[in-house]
Ligand code: CP
Ligand code: NVA
């Protein structure tokens, strides 16, 4: 039976392994390689929420490492008729070698990981999106050099993606400034986790102060999958939109990042999203390379990252 080496969150994997994943991902992007490393292995992807990037990049990543992929969704599987997540995990563990799971609740993810006997990868929950932020850190380093001691500013809803940025700030040693209105700020337990590790995390309601001198400005949709009251959210978050005037407060070499999908005119203006500082296409492309190294580590351990 394969060892259960899960990739559930950035705070749960040691820093040296995370660093090795980024380095191997960047190396594979540059040089290729590992085309048969996962021959004979199968990835099951379980999607309880929509996806374009995560779905296609994991599929292509697994196949380009020599493996195979099966996809399950509630419609078309017994999950949609009430078969439990735990039972699904036990069944999939008989057939495949690794599970990538996108779901609403962290509890569902934990149920999958507990009941499975094979590695489980978090493909997004309401609480975190670790695969995305691995690609984001890889992207920052590709375009601007080492992220350690740099300043990343988040403006808008401090959501699942922001939570994973907080984890990454501690693990990779950069400053992370969050500007969000009351009611849209990170959960206390994540801030306490970061503070206990001397994380350089700040939270304010002042986007200009957060962005001033920053090396990277990042935001995400104001209405995540499953969020209600879109109009109320837009009203509260409008002062946190990333526009050209706000970008001008950042360092002159600062980059703009967004996990996508983006809603131009809401969280960021089209001028910024499609402007010269935006690295969103490289960021989306790097999901493929980051995920290859996550799959290699989950299935082969440190040897997969050699
Ligand atoms: N950024 C991201 O996870 O995109 P998808 O929802 O399309 O997978
Ligand atoms: N915060 C967004 C990210 C989408 C990739 C959501 O959860 O919908």
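Quick one: residue 122 ticks every box in (1) modelled with pLDDT of 95 or more; (2) surrounded by fewer than 17 Cβ atoms within 10 Å (Cβ to Cβ) bar one, so which box is it?
(2) is the only condition that residue 122 fails.
I need the helices (runs of 4 or more DSSP H) fully contained in region 159-212, keeping only those with at least 3 residues that are farther than 27 Å from residue 226 by Cα.
160-172, 207-211
Within 12 Å of ligand 2 (Cβ to nearest atom), over 16 Å from residue 194 (Cα atoms) and in a loop (DSSP other than H, G, I, E, B) - does that describe any residue in region 149-156?
Checked against the condition, which is being within 12 Å of ligand 2 (Cβ to nearest atom), over 16 Å from residue 194 (Cα atoms) and in a loop (DSSP other than H, G, I, E, B), region 149-156 yields at least one hit.
Being out of contact with any helix residue (DSSP H, G or I) (no Cβ under 8 Å at 6 or more places or on another chain) and either more than 24 Å from residue 11 (Cα to Cα) or in contact (Cβ under 8 Å) with a residue 24 or more places away in the chain (or both) is true for just one of 183, 205, 199. Which residue is that?
Within the list 183, 205, 199, the selection yields 205.
Quick one: which of 179, 135, 195 is under 15 Å from the mean Cα position of the chain (by Cα) and either more than 16 Å from ligand 1 (Cβ to nearest atom) or closer than 30 Å to residue 29 by Cα (or both)?
Matching residue, one of 179, 135, 195: 135.
Taking residue 49, is it within 16 Å of ligand 1 (Cβ to nearest atom) and surrounded by fewer than 19 Cβ atoms within 10 Å (Cβ to Cβ)?
yes
Answer with yes or no whether residue 112 is within 16 Å of ligand 1 (Cβ to nearest atom), touching a residue at least 24 places away in the same chain (Cβ under 8 Å) and in contact with a helix residue (DSSP H, G or I) (Cβ under 7 Å, 6 or more places away or on another chain).
no
The values are calculated or read from the model by the stated rules, or taken from the named source; none is laboratory data. Not measured: the values here are computed from a predicted model. Positions of Cβ are backbone-derived with ideal geometry, glycine not excepted, and every protein chain shown enters the neighbour counts.
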